[in-house]
Amino acid sequence: MEQALTTADFPVHWPVQTRWTDNDMFGHLNNAVYYELFDTAINAWINTTRDVDPVAAPWLGVVAESSCRYFAELKFPSQLVVGLAVSRLGNSSVTYRTGLWADGDGTPAAVGSWVHVYVDRDTRRPVPIPAPIRELLETAVVS
């Protein structure tokens, strides 16, 4: 089951930090923040590892689907890690397995799925994943 995943199941570990505004009225991270952290880690990993300007590129990676299962509460202030693994690499789409945990803890507080489809910036029609990005994604493929 997903809860049995550990940090070792994610080839990429991206550090993130919570913000004061991330806590909700119940005193823990709002569920929408988990999605923001996944999105931030994926795009930061790609944009800082490859010389890609997402504003000027002729293509976009758009979110087609996302999900998250929550196993433990997190709250501000916390140093967290987002784990990334590529579970499917298609022609124009990539599916990530994502995990979120407190730094040093091997059991994720949440596990999710995130699908990017690459599209032409103007037509919004699917295009092949750009070669530099595909090369990076291949380094995180898991079975």
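The values are calculated or read from the model by the stated rules, or taken from the named source; none is laboratory data. Values in this document were obtained by computation on a predicted structure and should not be read as measured data. Positions of Cβ are generated from backbone atoms using ideal geometry, with glycine treated the same way; all protein chains shown enter the neighbour counts. These area figures cover heavy atoms from the full protein model, side chains too; ligands, DNA and RNA do not enter into them. Shrake-Rupley method; radii C 1.70, N 1.55, O 1.52, S 1.80 Å.
Looking for whichever is surrounded by 13 or more Cβ atoms within 10 Å (Cβ to Cβ), within 24 Å of residue 31 (Cβ to Cβ) and at pLDDT below 95 here; the options are 102, 64. Which one fits?
Numbers: 64 fails: at pLDDT below 95.
Criteria check complete, one pass: 102.
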Quiz item: In segment 78-96, which residues are over 12 Å from the mean Cα position of the chain (by Cα) and touching a residue at least 60 places away in the same chain (Cβ under 8 Å)?
Solution: 78, 79, 80
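Are any of the residues in segment 59-68 among the aromatic types (Phe, Trp, Tyr) and within 29 Å of residue 6 (Cα to Cα)? Before the answer, list the steps.
Of all residues in segment 59-68, those among the aromatic types (Phe, Trp, Tyr) come to 59.
Pick out the ones that are also within 29 Å of residue 6 (Cα to Cα) and you get none.
Checked segment 59-68: no residue is among the aromatic types (Phe, Trp, Tyr) and within 29 Å of residue 6 (Cα to Cα).
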Practice problem: Look at segment 85-99 and say how many of its residues are touching a helix residue (DSSP H, G or I) at 6+ places or on another chain (Cβ under 8 Å), open to solvent by 20 Å² or more (accessible area, probe 1.4 Å) and not basic (Lys, Arg). | Solution: 1
Quiz item: Residues of segment 53-76 being under 21 Å from residue 16 (Cα atoms) and among the aliphatic types (A, V, I, L, M), which ones?
Solution: 63, 72, 74
Practice problem: Just give me the residues in segment 1-38 being in contact with a strand residue (DSSP E or B) (Cβ under 9 Å, 6 or more places away or on another chain), closer than 16 Å to residue 85 by Cβ and of a type outside the set (Ser, Thr, Tyr), in sequence order. | Solution: 2, 3, 5, 9, 10, 11, 12, 13, 14, 37, 38
Quiz item: If we keep just the residues of segment 36-53 that are touching a residue at least 24 places away in the same chain (Cβ under 8 Å) and either touching a Pro at 6+ places or on another chain (Cβ under 6 Å) or of a type in the set (Asp, Glu) (or both), which is surrounded by the fewest Cβ atoms within 10 Å (Cβ to Cβ)?
Solution: 51
Exercise. Could you tell me which residue of segment 105-143 is nearest to residue 50 (Cα to Cα), considering only residues that are open to solvent by 40 Å² or more (accessible area, probe 1.4 Å) and assigned to a strand (DSSP E or B)?
Key: 141
Quiz item: Can you find even one residue in segment 2-21 that is more than 22 Å from residue 134 (Cβ to Cβ), in contact with a Phe, Trp or Tyr (Cβ under 9 Å, 6 or more places away or on another chain), open to solvent by 60 Å² or more (accessible area, probe 1.4 Å) and among the hydrophobic types (A, V, I, L, M, F, W, C)?
Solution: yes
Quiz prompt | Matching strands (runs of 3 or more DSSP E) fully within segment 1-102 where at least 2 residues are touching a His at 6+ places or on another chain (Cβ under 9 Å) | solution = 59-70, 79-89, 93-102
